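First the structure, in the form of structure tokens, and then the observations on it.
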């Protein structure tokens, strides 16, 4: 469980875990500082941020007692940690997330090896493919696609869109999965990846 953790990070994680099990809520930053005999709250922030980046816990910004330990059963070879990089809306730039949270995705739903990331969908342009507003799509990074693939494409002026890809004679057709919307046509596009899985929060 403690792979790649420093001694202080292990001590911080142990204290937060034990405190939460005993009290039913997470310790405050001051309580962590006092227990570890640290001189500054900033050092606590540093340890917690490193633990968050390594996938051991989550923490809400500017919210007290909001530390949550991630189930260690998810930290094994059957799951892959990826980052949600932002929000994708048809015809707009990807809205980057200032503090992206890690997502744990079962390797069984991924398309083999490769690099993966996630994006949150805004809008209903792909609703007939079952991709709804607020869904999270898992993307495998790749620069090519075959007809019918749902891709993340960068089109004019660095605008991003999520559409089905079709290569035609002298152009590319990006097809929405919404019968009320028309396809878009381009001479060239930049493919940033292919949708391989869908996550939905209920």
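The values are calculated or read from the model by the stated rules, or taken from the named source; none is laboratory data. Every value quoted in this text rests on a predicted model; they were computed, and no experiment measured them. Every residue, glycine among them, receives a Cβ derived from its backbone with ideal geometry; neighbour counts consider all protein chains shown.
In this structure, is residue 116 under 30 Å from residue 49 (Cα atoms) and touching a helix residue (DSSP H, G or I) at 6+ places or on another chain (Cβ under 7 Å)?
Answer is no for this residue.
Name the residue that is farthest from residue 18 (Cα to Cα), counting only residues in segment 63-81 that are out of contact with any helix residue (DSSP H, G or I) (no Cβ under 6 Å at 6 or more places or on another chain) and at pLDDT 70 or above.
The selected residue is 81.
Each row is one residue, and each column tells you yes or no for (1) at pLDDT 90 or above; (2) in contact with a helix residue (DSSP H, G or I) (Cβ under 8 Å, 6 or more places away or on another chain); (3) under 30 Å from residue 67 (Cα atoms); (4) assigned by TED's automatic domain parsing to the domain that holds residue 58.
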position	(1), (2), (3), (4)
83	no, no, yes, no
159	no, no, no, no
176	yes, no, no, no
180	yes, no, no, no
185	yes, no, no, no
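Per-residue answers, yes or no, for (1) more than 30 Å from residue 126 (Cβ to Cβ); (2) modelled with pLDDT of 70 or more; (3) in the same structural domain as residue 161 (by TED's automatic domain parsing); (4) exposed (fewer than 15 other Cβ atoms within 10 Å of the Cβ):
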| residue | (1), (2), (3), (4) |
| --- | --- |
| 20 | yes, yes, no, no |
| 25 | yes, yes, no, yes |
| 38 | yes, yes, no, no |
| 46 | yes, yes, no, no |
| 54 | yes, yes, no, no |
| 87 | no, yes, yes, no |
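When residues of segment 187-202 are filtered for being modelled with pLDDT of 90 or more and surrounded by fewer than 17 Cβ atoms within 10 Å (Cβ to Cβ), how many remain?
Total meeting the criteria: 3.
Find the residue count for segment 4-13, including only residues that are surrounded by 12 or more Cβ atoms within 10 Å (Cβ to Cβ) and assigned to a helix (DSSP H, G or I).
6
Of the residues 130, 123, which is buried (at least 18 other Cβ atoms within 10 Å of the Cβ), farther than 24 Å from residue 168 by Cα and at pLDDT 90 or above?
Residue meeting the stated conditions: 123.
Among the residues of segment 133-157, count how many are part of a strand (DSSP E or B), at pLDDT 95 or above and farther than 15 Å from residue 94 by Cβ.
Residues flagged as part of a strand (DSSP E or B), at pLDDT 95 or above and farther than 15 Å from residue 94 by Cβ within segment 133-157 amount to 1.
Taking the condition of being surrounded by 15 or more Cβ atoms within 10 Å (Cβ to Cβ) and in contact (Cβ under 8 Å) with a residue 40 or more places away in the chain, how many residues in segment 169-186 meet it?
Total meeting the criteria: 4.
Considering only segment 1-18, state which residues are in contact with a helix residue (DSSP H, G or I) (Cβ under 8 Å, 6 or more places away or on another chain) and modelled with pLDDT of 85 or more.
8, 9, 11, 12, 13, 15, 16
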